[in-house]
Amino acid sequence: MCKSDSRRIVARRIAQVPAVHQPLLRLAAVFGRVLDLDLLRAAEPVVSWDEWLSAVSSAAVLDVSEGRWQFSHDKLREYLLDALGESERRELHRRAALAIEHVYPGRTDYTAALVYHWHAAGDTRREAHYAALAGQQALESGAYHKALEFLERAFALESQPAARGRQDAGKLRLLLGETLYGLGDYDRARDVLRESVVLFERSND
């Protein structure tokens, strides 16, 4: 079966879901293949859930595996995501991030997801905040390469005016310096840690 035929089959499957239920299906796709109904309910509280689940399961778009609702195939979710316009994509990711903050406040296992969703939503300030937090959490667990990825992202965003206000520049450099030191990049670690000292001293003046 060629790619275009496969896509037409997926499109027909999605089209079997009534139009009234399509927006929530797109939101579910943004969250991931496996559905967390608590998050979906927080993002879209006014929904007839029995009716929606019946509609999407009747169309074989969603099914249940090991007690969890999920997309019956990755291609169905991919089709929904590919069809999103930029403004709708940003809004759905914003709603996903807000739902996670509401349902799972302070949960470290959702920090990376918040980096992803706020990035996709175009909210640089919140992305920078959670990238720094995810970097700190990875550093504390000894995952230096992962910590470096998040902290360098936060560091890169720091120069953007929209990202200012939610992270401490001195603390960010301290975390980055410790990560670089743990990875054996001693020269850069020294430079970044010196910057952190200067910033801490300025803040105490």
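Phi-derived couplings, Karplus 6.51 cos²θ - 1.76 cosθ + 1.60 at θ = phi - 60°, listed residue by residue for region 87-97: 5, 5, 4, 4, 5, 5, 5, 5, 5, 5, 5 Hz, with x used for Gly and Pro. Volume per residue of the convex hull around the Cα atoms, evaluated for region 97-175, comes out as 81 Å³. Along its three principal directions, the equivalent ellipsoid of region 52-106 from the Cα gyration tensor extends over semi-axes of 23, 18, 9 Å, largest first. If amide hydrogens are placed 1.01 Å from N in the peptide plane, which non-local residues have theirs closer than 5 Å to the one on residue 72? Under 5 Å from the amide H of residue 72 lie the amide H atoms of 62, 63, each far enough along the sequence or on another chain.
Taking 0.36 nm per residue of separation and subtracting the Cα-Cα distance, full extension of the segment from residue 15 to residue 160 would add 48.0 nm. Placing pseudo-labels 7 Å out from each Cα toward the beta carbon at residue 185 and residue 140 gives an inter-label distance of 2.3 nm. The gain in end-to-end length when the residue 75 to residue 47 segment is fully stretched comes to 7.6 nm, 0.36 nm per residue minus the alpha carbon separation. On the beta carbon distance between residue 171 and residue 90, with R0 = 25 Å, the FRET formula returns roughly 0.30. Estimated from the Cβ-Cβ distance and a Förster radius of 30 angstrom, the FRET efficiency linking residue 200 and residue 102 is about 0.35. The C-alpha atoms of region 1-81 occupy a region whose extents along the principal axes are 39, 26, 20 Å, arranged from largest to smallest.
Ranked by solvent-accessible area (1.4 Å probe, protein heavy atoms only, all chains present), the residues 118, 69, 49 order from largest to smallest as 69, 49, 118.
For the chain, what D do you get in µm² per second when you plug the Kirkwood radius from alpha-carbon pairs into Stokes-Einstein at 4 °C and 1.567 mPa s? My calculation gives 68 µm²/s for D. Couplings for region 133-139, taken from phi via the Karplus curve 6.51 cos²θ - 1.76 cosθ + 1.60 with θ = phi - 60°, read 5, 5, x, 4, 5, 5, 4 Hz in order; Gly and Pro are left as x.
Its relative contact order, with pairs defined as Cα atoms under 8 Å and 6+ residues apart, puts region 1-72 at 35 percent.
The values are calculated or read from the model by the stated rules, or taken from the named source; none is laboratory data. Because the structure is predicted, anything quoted here is derived from the model rather than measured. With ideal geometry, Cβ positions are generated from the backbone for all residues, glycine too; neighbour counts draw on all protein chains shown. In case anyone asks, the SASA skips ligands and DNA or RNA and just uses the protein heavy atoms, side chains included. Shrake-Rupley method; radii C 1.70, N 1.55, O 1.52, S 1.80 Å.
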